[in-house]
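K.L.:
Okay, here's the structure, questions in a sec.
The values are calculated or read from the model by the stated rules, or taken from the named source; none is laboratory data. Only a predicted model underlies this, so the values are computations on that prediction, with no experimental measurement involved. All Cβ positions, glycine included, derive from the backbone under ideal geometry; neighbour counts span all protein chains shown. The protein model used for the area step is the full one, side chains on, heavy atoms only, and it has no ligands, DNA or RNA in it. Shrake-Rupley method; radii C 1.70, N 1.55, O 1.52, S 1.80 Å.
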Amino acid sequence: MRFCVCVKQVPDVTAPIQISGGQLSYDAGRVVLNAYDASAVEAALVLTAEHGGEVDVVLVGPERAAETVRKALAMGADRGTHLVADGELDSAAVSSLLAAVASGYDVILTGKQAQDSDAGLAGGMLAERLGLPYVTNAVGLAQEGDAIVVTRLGDAGQETIALPTPCLVTCSNDMNDPRIPNLKGIMAAKRKTIDTRPATDVPAARVTTLGYEPLPTRAAGRRLDGEPAAQAAEVVRLLADEASVL
Amino acid sequence: MSTVLSYVAAPEGVPTRASLEVLTRARQLAEAGGHRVAAVVLSTDAAASADVLGRYGAATVYAVSDAAFAEPLNAPAVQALADVMARADAALVLFPSTEGVKDLLGALAIRTDAAVLPDVVEVDWVDGGVGALRPVMASKFMARVRAEGSPVLVSMRAGSVEASEAPVEPTVENVSLSLDASAATLREIAGAAAGMVDLADARIVVAAGRGVKDAAAKALVEELAEVLGAAIGASRAVVETGVFPATAQIGQTGKVVSPDLYIGVGISGAIQHVAGMVGSRTIVAINQNADAPIFDVATYGIVGDLYSVVPALIAEIKKHKAG
Amino acid sequence: MDETFDCIIVGGGVAGLSAAMTLARADAKFLLVERGAWSGSKNVSGGVLWGRDLDRLVPNYWEDPEAGYERFVNHRRLTFMDEGAALTIDFKSDHFNETPYSGVTVLRSRFDAWLAGKVEEAIAASAHPDDSFLATDVLVRELIIEDGRVVGIRAGEDEFRAHCVILAEGVNNLLTRQAGLQTEYVPADGLAVGVKEVIRFDKKVLEDRFQLSEGSGLTNEFVGFATGGIEGGGFLYTNRESVSIGLVISMADLRKKGGPDAGITPYSLLTAFKQHPAVADQIRGGETLEYSAKAVSTGDMSIMPREVYGDGVMLAGEAANLVLNAGRAIQGMDYAMRSGILAAETAVEATKAGDHSKTFLAHYRTALDASYVMQDLRGFQQAVKVLHSPAMFEGVPRIACDFGREFFTVDNKPTRKAYQILRDVRKRHMGFWDLVKLGTRAGRAL
């Protein structure tokens, strides 16, 4: 099958990120392939290794995000497309740009959300634009003939859903441990083609970020000392009288 | 007059706590903006929850009943919601931020040409648009966002507002649709056992972490949850080792919980886990390691051995409930 | 891919990237392998990059709005401290404002990624845009050595061959030992531990507090009580929106006088240093972003590798122990840069000559000897001894502080002449002849 994996470059959320004047700042070097997308790439590589096929990756983002396309190629993807776009794009705009290049595939995979915006919308939007059936938050993916069988984490439990192809699935990072590219992969990636073109017809954003704020501070916590029995008695008293939750 | 519509999840005919919170907020925003307030229920028997929804102020209840809603597939829900949004002339639709909602929000937005603000903790009208506050960057920061135009879809994290009653006699509109056959087919749901409290909707959550290593410790966590009537959650570490099911996972990659009371047992508080529980109203942490990061967010911290602290806690809670 | 590279570089720090840039400019086919990401695991160091080699690698780098340095240094301070006081020598000069700058502060987490990006640009513009590589997250465990000659590396299952290998692997010199250029681990007594915190400030607060203009920066080095009587010193550098503050502590002396048993750890020393009145006021109100610790060699030439080259192999940067412990801070990034450049230049010449033997690669040693790097290191050998003498972190700072206390205290007594004060405080802390001897040694060495 032909897979298209939509990937995004995001700041490394485990690295220090500062906030000042309502804006976030982080070291320019600390950007990574979105972890959920890495799981999507891994899933596509595993399925094509077993059943045959090929894997293309598509990225919408600034010029410097080319390194993230390269990272996916180093993992083993076959070809890359990089739609160069700067500035904030909302999920609707991103899905519109992706729709123009992601058609004609058997399976489109994306991460279930981006680690920076945590929105989780672009996958469903892209599926709707392309008229594809889709499933979000997949933790397992299998190929059965022409169908894709997805295990997703839903509200009531693990749902197993069969999708005819073409279809779209958004992936959780609980699905697998993405491979770290080896040296051969890194070297091979350099010789793979990345189709780089400016993003055109970028829809106007209807959702904008006005600014960032630190998390509301929680009142300083209290440590309860003493023997376990005393600690337990005190916490129950506090939960009943102070926090009013018992 | 256009509508502020509230999406209600009502498994087995009972609206979830988070749905009633969302309905409460929808009612407030409808009042503030001069709109009608309505609820929409997609269920096998959608009218069943109309009474409860009226109690929380839903003037109109759009009840879409169809056998298709027995299964958690997104296509019929998207179709039905798009239809109800058009009927109701919805300017704003509020949803509880459940996995089911996350599964349909993107497609619904494109289908109805709506702007979306997902997974917010605050929402309000802001000069002609809709403004919201939402956690981003693995819940390390809040982003203040704004959506233009109409309609706007907003999903809210559980626990963001307090549900309150404002009884009205609801008009029930039974909506009958001919739903398209779903391309996707459900094979099975390997779910939590029946009768268990749903994690995302629970008022009290007891969560187990790496410190819960053996059957004895697991039994203590289960007993604590039972005396509290709590749902059981877990960190990724103990889900990966198979001690707890994947459905119990709390965190950035699992469920986001914001109960009134969260008790973390043997949980160190890795950033990925904290991202999924930091919205809890009261946090109790029990951990042997006094430096565990969970204590940074805990309302009450108990440094101690879970094998002695948890039994003492169970005894005290029983005493409290009896007394 | 059976191709043979002109050169393989192991290590993507300053030395490795400088070598890579030099090779890319010379149209060489090369592979650079770094075990971490450009930024991340090794964000430990940072400090001041002295000298003008950066301009050679990235001409007019200061014109790049995204340039990876923090601030150029035009203001330097040296502070002598005892328990409660500090006397500071302060030097600021317009001369330092001219480009190319003579020193810039850097945070490696930003700098290395930027420099790597510049190398990628140079590769793209070279004759082998698709045949030279910078690879991160790859661990090299083994050199391929045939007939005593280094011919490549093994990474995971794969082998990669090259005419020569430049080892720029830093203080963890696994491959250097495999190449037979260093027999042992660097002995613990030849190591110092560097501990550092990066403390964030609002840019305006930082510039006001340290009297910085847009882009300019300050370095402050500390001797004396900074390290609580344990051999070492302290430093504070201003970055764009933060300061780097830390200590360099002799491991041997720490073991002798402190250690975890005595409750003295590098971290506890850093905490005490930050609470010293002379320091506390400078970092008040800041937010600590990261704490890091790193072992560094102390720059004692007596623990230099046997040689910095062999058959098919050269050492650069800290792998070659090309660092200088100036007593207060470790100086090494500039040496790393120069040695990387020289090793790469030698590799290019060797490829032209078709000779990568030990005999040819000896040119690297010659070039290094002729450069300021070795002259500095040799010249400073005496200085290293002086700076490591107990007087430098005990007696001298006490004299300075006592002098300052008396000289600057107004107490309505007849004013004493400065030399009288100095004589008296000196008597309290050091024998006259000790001071003369120290002065003479220091004079000769510096």
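K.L.:
For chain A, set up a Gaussian network in which alpha carbons nearer than 10 Å are linked by springs, and say which option among A:N182, A:N173, A:N137 fluctuates the most.
P.N.:
A:N182
K.L.:
How big a patch of accessible area, both sides summed and in Å² to the nearest 100, lies buried between A and B at a 1.4 Å probe? Kindly include the intermediate steps, with their values, before the conclusion.
P.N.:
On the way: alone 13950 and 15070 Å², together 22360 Å².
So the total buried area for this chain pair works out to about 6700 Å².
K.L.:
Over chain B, what is the percentage of antiparallel beta bridges among all DSSP beta bridges, to the nearest 5? All intermediate terms of the calculation are to be shown ahead of the outcome.
P.N.:
Numbers: 12 of 62 bridges.
Around 20 percent antiparallel, to the nearest 5.
K.L.:
Which ³J(HN,Hα) values, rounded to whole Hz and listed in residue order, are derived for region A:99-114 from phi using the Karplus coefficients 6.51, -1.76 and 1.60 in 6.51 cos²θ - 1.76 cosθ + 1.60 with θ = phi - 60°, glycine and proline given as x?
P.N.:
Using θ = phi - 60°, the values come out as 4, 6, 10, 9, 8, x, 9, 6, 9, 10, 10, 9, x, 6, 6, 8 Hz.
K.L.:
Something else about it: Pop out the carbon and sulfur fraction of the accessible area of region B:190-323 as a percent, whole number, probe 1.4 Å.
P.N.:
Values: 2780 of 5090 Å².
Whole-percent figure for carbon plus sulfur exposure: 55.
K.L.:
Now a separate question. Taking every pair of Cα atoms in chain B, average 1/r, invert it to obtain the Kirkwood radius, and report Rg/Rh to two decimals.
P.N.:
Taking Rg over the Kirkwood Rh, I get 1.00.
K.L.:
What are the residues of region B:40-82 that lose 10 Å² or more of accessible area, with a 1.4 Å probe, going from their chain alone to all protein chains?
P.N.:
B:P72, B:L73, B:N74
K.L.:
Write down the Kirkwood hydrodynamic radius of the protein assembly as shown, to one decimal in angstroms, obtained as one divided by the mean of 1/r over all alpha carbon pairs.
P.N.:
31.9 Å
K.L.:
Only Lys, Arg, Asp and Glu count, each charged at its Cβ (+1, +1, -1, -1), so figure out the dipole size of the protein assembly as shown about its Cα centre, rounded to 20 debye.
P.N.:
Computed about the Cα centre, the dipole is about 3620 debye.
K.L.:
Here's something else I'd like to know. What is the average number of partner chain Cβ atoms found within 10 Å of a Cβ in A:138-144?
P.N.:
If you average over the peptide's residues, the count of other-chain Cβ atoms is 1.
K.L.:
A further question follows. Within region A:144-166, what residues put their amide N at less than 18 Å from the label point 7 Å along the Cα-to-Cβ vector of B:E188?
P.N.:
Output list for this probe position: A:144, A:148-163.
K.L.:
Let me ask another. Over the Cα atoms of region A:58-183, compute the convex hull volume and normalise it per residue, giving Å³.
P.N.:
Roughly 121 Å³ of hull volume per residue.
K.L.:
For chain A, compute Rh as the Kirkwood radius over C-alpha pairs and then the Stokes-Einstein diffusion coefficient at 4 °C and 1.567 mPa s; write the answer in µm²/s, rounded to an integer. Intermediate values should be presented prior to the final figure.
P.N.:
Working: Rh = 19.9 Å.
Result for D is 65 µm²/s.
K.L.:
Moving on. Of the candidates A:D118, A:D106, A:D174, which one comes out as most mobile in a Gaussian network treatment of chain A with C-alpha springs shorter than 10 Å?
P.N.:
Among A:D118, A:D106, A:D174, the largest GNM mean-square fluctuation belongs to A:D118.
K.L.:
Report the trypsin sites (Lys or Arg not before Pro) located in region B:99-149 that are in a DSSP loop and have at most 15 other Cβ atoms inside 10 Å of their Cβ, or state none.
P.N.:
Here no trypsin sites (Lys or Arg not before Pro) fit, given the DSSP loop and packing criteria.
K.L.:
Relative contact order, percent, of region A:15-114 when contacts are C-alpha pairs under 8 Å separated by at least 6 residues?
P.N.:
Once normalised by length, the contact order is 31 percent.
K.L.:
Taking the C-alpha atoms of region B:100-249, how large are the radius of gyration and the largest Cα-Cα span, Dmax, in Å?
P.N.:
Over region B:100-249's Cα set, Rg and Dmax evaluate to 20.1, 57 Å.
K.L.:
What relative contact order, as a whole-number percentage, does region B:213-306 give when Cα pairs under 8 Å and 6 or more residues apart are counted? Walk me through the intermediate numbers first.
P.N.:
Details: 154 pairs, mean separation 19.1, N = 94.
Answer for region B:213-306 is 20 percent.
K.L.:
Suppose every Lys and Arg Cβ carries +1 and every Asp and Glu Cβ carries -1, with no other charges. What dipole size does region C:169-292 come out with about its Cα centre, to the nearest 20 debye?
P.N.:
In debye, rounded to 20, region C:169-292 gives about 120.
K.L.:
A further question on this structure: Let me check the size of region C:204-260 from its C-alpha atoms; what are the radius of gyration and Dmax in Å?
P.N.:
Final numbers for Rg and Dmax: 14.7, 45 Å.
K.L.:
Output the pairs from C:K196/C:K294; C:K196/C:K257; A:K184/C:K118; C:K196/C:K274; A:K8/A:K71; C:K29/C:K352 with a Cα-Cα distance over 18 Å in this structure; if there are none, say none.
P.N.:
C:K196/C:K257; A:K184/C:K118
K.L.:
Here's a follow-up. Per residue, what accessible area does region A:8-118 have, given a 1.4 Å probe and all protein chains present, in Å²?
P.N.:
On a per-residue basis, 33 Å².
K.L.:
Out of the DSSP beta bridges found with both residues in region B:58-176, what percent are antiparallel (nearest 5)?
P.N.:
Around 45 percent of the beta bridges assigned by DSSP in region B:58-176 are antiparallel ones.
K.L.:
Please figure out what share of the DSSP beta bridges in the protein assembly as shown is antiparallel and state it in percent, rounded to the nearest 5.
P.N.:
So the antiparallel bridges in the protein assembly as shown amount to around 50 percent.
K.L.:
Let me ask you something else. Mind checking B:143-155 for the average number of partner chain beta-carbons within 10 Å of each residue's beta-carbon?
P.N.:
4
K.L.:
What is the P(r) of region B:103-192, as percent of Cα-Cα pairs per 5 Å bin from 0?
P.N.:
Answer for region B:103-192: a P(r) of 3, 10, 13, 15, 17, 18, 13, 9, 2, 0 percent.
K.L.:
Take every Cα pair under 8 Å in region C:58-118 that's 6+ residues apart, average their separations, divide by the length, and report that relative contact order as a whole percent.
P.N.:
43 percent
K.L.:
Same structure again: Give the Cα extents of region B:1-117 along the principal axes, in whole Å, largest first.
P.N.:
Computed over the Cα atoms, the extents are 36, 31, 22 Å.
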